[in-house]
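What follows is a short report on a single structure.
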Ligand SMILES: Nc1ncnc2c1ncn2[C@@H]1O[C@H](COP(=O)(O)OP(=O)(O)O)[C@@H](O)[C@H]1O
Ligand SMILES: Nc1ncnc2c1ncn2[C@@H]1O[C@H](COP(=O)(O)OP(=O)(O)O)[C@@H](O)[C@H]1O
Ligand SMILES: [Mg+2]
Ligand SMILES: [Mg+2]
């Protein structure tokens with residue numbers, strides 16, 4: 001319960017976990033768009049350039065997505 | 001000129017470090033500008049090897065897991081090592097679906113996953129001494145650009 | 001019960017590893033579920049210390065940079081070490097705006113940044129041997145919950 005509360009909280013104290021989740025969503029959408037435009041898989045730098053987010057942050061966001069999903073799974077089991 | 005870079009990391013055999021190891025390898029490999037697929041392949045393989053070190057190598061004991069990565073041009077070389085219990089029969093362990101811990105709902109597909117996502121996988125191990133997994137992968141994305 | 005975890009990493013003194021070190025520390029500290037601000041403080045401080053090891057410690061030479069991080073409950077302890085040229089006058093080096101490399105457009109604010117963003121910063125160094133920077137920070141976000 002503490003975990004969930006912590007995750008839902010909105011008092012200006014933005015948690016890294018949530019902000020990374022937003023980056024992960026933008027990465028997912030723009031990866032598909034770029035794929036169509038280029039006719040091949042975009043590289044991580046191409047995605048970074050497209051969405052204006054550093055490669056560092058994208059790397060962390062990709063993982064945060066996996067974590068959030070598994071947290072979600074645990075909660076809803 | 002050859003492009004080279006290397007790193008070496010050591011962390012406790014705690015399950016939360018599986019995710020940590022994935023980000024470490026991903027951010028090191030990111031300097032080669034891979035596609036997300038290539039990055040995910042490498043993370044998945046590393047994850048299996050690190051999980052094995054923690055779950056099978058050290059079981060419930062505390063120990064250190066070691067990861068080494070060397071990049072040479074577009075080639076990635078990764079070593080994951082533990083000083084845990086070791087593997088008696090390596091060929092058997094590498095067989096798809098073989099697991100020594102069916103009670104933990106292990107799938108027995110760890111080595112198969114590593115072999116699928118990486119170009120080469122070598123296993124060195126000695127009972128009572130520990131295990132070392134060596135994996136290699138060439139990034140194709142760099143060549144296509 | 002006390003929550004503990006630790007890791008140790010070693011990488012070449014290449015400028016692209018500054019970014020790598022930032023992700024490594026960020027993803028290790030992320031297990032404490034920090035706020036964006038706390039994480040950014042830690043990354044910034046680590047970045048300054050690692051850049052110093054690369055630029056001042058090893059200058060144009062190749063060497064290894066070492067980073068150790070230990071988490072105890074909500075306390076983060078970080079060590080960044082090089083076996084480079086060392087610092088002659090530590091007090092002078094820590095003064096705001098002091099830099100021995102004005103020609104590289106260094107701001108001389110590295111140590112000041114570390115002190116601003118971390119709770120404690122210790123410097124140990126010996127000329128010809130190397131330098132070790134120790135930084136500590138307590139995450140407040142965990143206490144407010
Ligand atoms: N680092 C290791 N130390 C000891 N035994 C290992 C190690 N890695 C793998 N093994 C052995 O190899 C078997 C197969 O591994 P794997 O294919 O990953 O399947 P699983 O982990 O699901 O059991 C394990 O069940 C275990 O017996
Ligand atoms: N790891 C190190 N090895 C050798 N000298 C160092 C190291 N870190 C800092 N210094 C010295 O301390 C000075 C001040 O460091 P800093 O405040 O980061 O400013 P800057 O890096 O902009 O010069 C540097 O100019 C350098 O002379
Ligand atoms: Mg396995
Ligand atoms: Mg500096």
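If the condition is being more than 9 Å from chain B (Cβ to nearest Cβ), farther than 17 Å from residue A:21 by Cα and modelled with pLDDT of 50 or more, then the stretch A:42-77 contributes A:49, A:50. Within the stretch B:11-23, being more than 17 Å from residue A:64 (Cα to Cα) and more than 9 Å from chain C (Cβ to nearest Cβ) holds for one residue alone: B:13. Of everything listed in (1) modelled with pLDDT under 95; (2) in contact with a strand residue (DSSP E or B) (Cβ under 6 Å, 6 or more places away or on another chain); (3) within 15 Å of ligand 4 (Cβ to nearest atom), the single unmet condition for residue C:4 is (3). Evaluate the following for residue C:86: is it near ligand 2 (Cβ under 9 Å from one of its atoms) and either surrounded by fewer than 22 Cβ atoms within 10 Å (Cβ to Cβ) or closer than 18 Å to residue C:27 by Cβ (or both)? For residue C:86, the condition - near ligand 2 (Cβ under 9 Å from one of its atoms) and either surrounded by fewer than 22 Cβ atoms within 10 Å (Cβ to Cβ) or closer than 18 Å to residue C:27 by Cβ (or both) - is met. The residue of the stretch B:50-63 that is farthest from the other protein chains (Cβ to nearest Cβ), among those that are closer than 15 Å to residue B:86 by Cβ and more than 11 Å from ligand 3 (Cβ to nearest atom), is B:59.
Quick one: would you say residue B:111 is more than 14 Å from every other protein chain (Cβ to nearest Cβ), more than 19 Å from residue B:36 (Cβ to Cβ) and either away from ligand 4 (no atom under 16 Å from the Cβ) or in contact (Cβ under 8 Å) with a residue 40 or more places away in the chain (or both)? Here the answer is yes, as residue B:111 does meet what is asked. Only residues that are at positive phi and out of contact with any strand residue (DSSP E or B) (no Cβ under 8 Å at 6 or more places or on another chain) were counted in the stretch C:102-145, giving 3.
Name the residue, out of B:141, B:131, B:47, that is surrounded by 14 or more Cβ atoms within 10 Å (Cβ to Cβ) and more than 15 Å from ligand 3 (Cβ to nearest atom). Steps first, please.
Numbers: B:131 fails: more than 15 Å from ligand 3 (Cβ to nearest atom); B:47 fails: more than 15 Å from ligand 3 (Cβ to nearest atom).
None of the other options fit; the residue is B:141.
Do we find a residue being away from ligand 3 (no atom under 14 Å from the Cβ), over 15 Å from the mean Cα position of the chain (by Cα), buried (at least 17 other Cβ atoms within 10 Å of the Cβ) and at pLDDT 95 or above anywhere in the stretch B:113-125? Within the stretch B:113-125, none of the residues are away from ligand 3 (no atom under 14 Å from the Cβ), over 15 Å from the mean Cα position of the chain (by Cα), buried (at least 17 other Cβ atoms within 10 Å of the Cβ) and at pLDDT 95 or above.
Here is a check on your reading of the model: is residue B:93 within 12 Å of ligand 3 (Cβ to nearest atom), surrounded by 14 or more Cβ atoms within 10 Å (Cβ to Cβ) and more than 24 Å from residue B:7 (Cβ to Cβ)? So residue B:93 fits the description; yes. For the stretch B:122-145, a residue qualifies if it is more than 14 Å from every other protein chain (Cβ to nearest Cβ) and without any contact (Cβ under 8 Å) to a residue 60 or more places away in the chain, and the qualifying residues are B:122, B:123, B:124, B:125, B:126, B:127, B:128, B:129, B:132, B:134. Among the conditions (1) buried (at least 18 other Cβ atoms within 10 Å of the Cβ); (2) away from every other protein chain (no Cβ under 14 Å); (3) without any contact (Cβ under 8 Å) to a residue 40 or more places away in the chain, residue C:26 misses just one, which is (2). The one condition from (1) part of a strand (DSSP E or B); (2) over 10 Å from the mean Cα position of the chain (by Cα) that residue B:28 does not meet is (1). Under the condition of being away from every other protein chain (no Cβ under 14 Å) and either within 16 Å of ligand 2 (Cβ to nearest atom) or within 22 Å of residue B:60 (Cβ to Cβ) (or both), the residues counted in the stretch B:91-108 number 11. Whenever a residue of the stretch B:78-90 is away from every other protein chain (no Cβ under 14 Å), its partners that are modelled with pLDDT of 95 or more and near ligand 1 (Cβ under 6 Å from one of its atoms), lying with C-beta atoms within less than 6 angstrom and at least six residues away or across chains, give the pairs B:82/B:53; B:82/B:57; B:82/B:131; B:84/B:57; B:86/B:131; B:87/B:93; B:87/B:131. From the list C:39, C:32, which residue is more than 10 Å from chain B (Cβ to nearest Cβ) and either more than 25 Å from residue A:63 (Cα to Cα) or in contact (Cβ under 8 Å) with a residue 24 or more places away in the chain (or both)? Of C:39, C:32, the one residue that is more than 10 Å from chain B (Cβ to nearest Cβ) and either more than 25 Å from residue A:63 (Cα to Cα) or in contact (Cβ under 8 Å) with a residue 24 or more places away in the chain (or both) is C:32.
The values are calculated or read from the model by the stated rules, or taken from the named source; none is laboratory data. Only a predicted model underlies this, so the values are computations on that prediction, with no experimental measurement involved. Glycine also receives a Cβ, built like all others from the backbone with ideal geometry; neighbour counts cover every protein chain displayed.
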